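Structure first, commentary second.
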């Protein structure tokens, strides 16, 4: 799930350490690297690289440096093919105060992280910057790091909604579309690349970065999907995990289909909360003076748009001039209810007075922009293959599940349960990661997060037994720390943890 509120909004978007064992500590996987001396020696060459740092771009500050390193395509066979990984840094630590490096991942899977140091330099407190050099990277298969491409069309990379609503009349087309996306990605990448694009290998790449930088341990900030990546790192490399901040967390033991179904479950309480907020401001929006009336009015609007799509003529540029049916409105508002509740109310007022339209947008079958093709293909590769067993292979199962989920979670249930390319995706090269360890992480979670709901944040907290949960009562939207408007309580707590390494004595509740 992408971190849609990017940190970019804040800025505008060695030698092998003798202590570094080159195999995952405690890794349990059928393709995990062996621990033989020969195998270790073959991995040593990756950990002992000396990156050639240089200015990333002529338009960037000279302090923002980039380098390219190599990592094994398959860590089980490190003498085989390699991938090129692009990494970046800004040295901000102060001599005498330096603690180490702070690596980050903005989410996705599919969000590039190479520019994170630029954005974090302007977002983090001075006390934190004094402790760390900021490190960014584009994960394998993405951006500047040996990107995969699937040859998708613009319609197949529609970033406004990767999941389709279930309709009996379109299910056959949805199934064919899902099968076609999987076939394109498989044909283009096949056994050459696709099986090795997974979170476990990205976590192993992170440890290579740690070793190359000469660090004994790795500190890390991850948002959204980045929380899962961080949790997998703690599972594979527990003794090398240092200060870990996991903001807006995924349930690490339900990654895959369970992640999407959690979004549907989380949309319902956010809708209830939104209807209460709007009812209290009936004098402004006139959408109903009780929560029940507000909700009834919303469903009447959805039914009307399903009969005849409505032309959106408001000021939201993402939807301006679009013809919206009821499913479009449900998908859009699932996010807005929690992230921008009063903006959602204004947009619904606009839609209620919008003109019906008979516009029917035809699928755009022209080639997708290469960057979009890469991001969407990478997203499916990890979402589908990290936990292959979570995705049924029988299309009929999706039909049944969509009926059930829509009945239980009317806002988004049929989107979450409908068929996706994962039904036809090649099985992953490794089993799903079971996260269950004592990592001393700090988990940050809004009450009304529409993307990674509160239940997911609590599940991450349970999986990391040494963690502390910072719960934002009344918090809305997705992602918190280092963003404008973050509660002072959250900022103070995370800054203190990154600065001195001490977790709060107990779980903490902050007010929004």
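The values are calculated or read from the model by the stated rules, or taken from the named source; none is laboratory data. Bear in mind that the values here come from a model prediction, so they are computed numbers and not experimental data. Neighbour counts run over all protein chains shown; Cβ positions are idealised from the backbone, glycine included.
Restricting to region 146-162, and then to whatever is touching a helix residue (DSSP H, G or I) at 6+ places or on another chain (Cβ under 7 Å) and over 18 Å from residue 107 (Cα atoms), can you tell me which residue is surrounded by the fewest Cβ atoms within 10 Å (Cβ to Cβ)?
151
May I ask you to say which residue of 222, 226 is closer than 30 Å to residue 436 by Cβ and touching a helix residue (DSSP H, G or I) at 6+ places or on another chain (Cβ under 6 Å)?
Of the residues listed, the single one that is closer than 30 Å to residue 436 by Cβ and touching a helix residue (DSSP H, G or I) at 6+ places or on another chain (Cβ under 6 Å) is 222.
Please pick out the residue among 211, 113, 143 that is touching a helix residue (DSSP H, G or I) at 6+ places or on another chain (Cβ under 6 Å), crowded, with 20+ Cβ neighbours inside 10 Å and modelled with pLDDT of 95 or more.
Matching residue, one of 211, 113, 143: 211.
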